[in-house]
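Some notes on the structure that comes next.
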Amino acid sequence: MDTPLTPPADGPPQEPRARRRDRHGRGMRGPLAPPQVPLAASRAELFGDLVRDSVERLERRWPQLAEVEFMVGEVPAPPGGPDGGWNDEAVPLGGTVAPDGGRAARIVVYRRPVEIRAKSRDERAVLVHEIVVEQVAELLGLTPETVDPRYGQE
């Protein structure tokens, strides 16, 4: 008599079945949160949304900003190149790259230094907006108060 542990005598041994995490017959696990819920967004995506919101606010007042590229960088490059360190210099929170040849002007906001300085989402939103306003002011050659009259009041 054959037992379930021994292969049948008439054929090759069968491969064991792959184990799945469906131990109780309820189906496979789904995502923790649906995609439209903020829990499903990464920190980088949420930070990008903050930058986008700030830019949209400023583009209503300054239509020429439609030609400027706004980017999010993780961290700024050290001033002495990859081998150089920061020494005692302050780490920049944003930067401006002037238009060059056929390339549009760029404004970069660095995510990690901003996240380290802001404790809450509201603080982060205010800080991101201030950085964007400062960089736009530098690009346009204006004061931050001219770019956004509410600058520094929040």
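List of remarks:
- Net lengthening on full extension, residue 42/residue 122 (0.36 nm per residue, minus Cα-Cα): 27.1 nm
- Proximity of backbone amide H atoms, modeled 1.01 Å from N, is registered between residue 94 and 110 at under 5 Å, excluding neighbours fewer than 5 places apart on the same chain.
- HN-Hα J in Hz across the range 55-63 - Karplus 6.51, -1.76, 1.60, θ = phi - 60°, x for Gly and Pro: 5, 4, 4, 7, 5, 5, 8, 10, x
Values in this text are rule-based calculations from the coordinates and carry no lab data. Please read these numbers as outputs of a predicted model, since none were measured by experiment.
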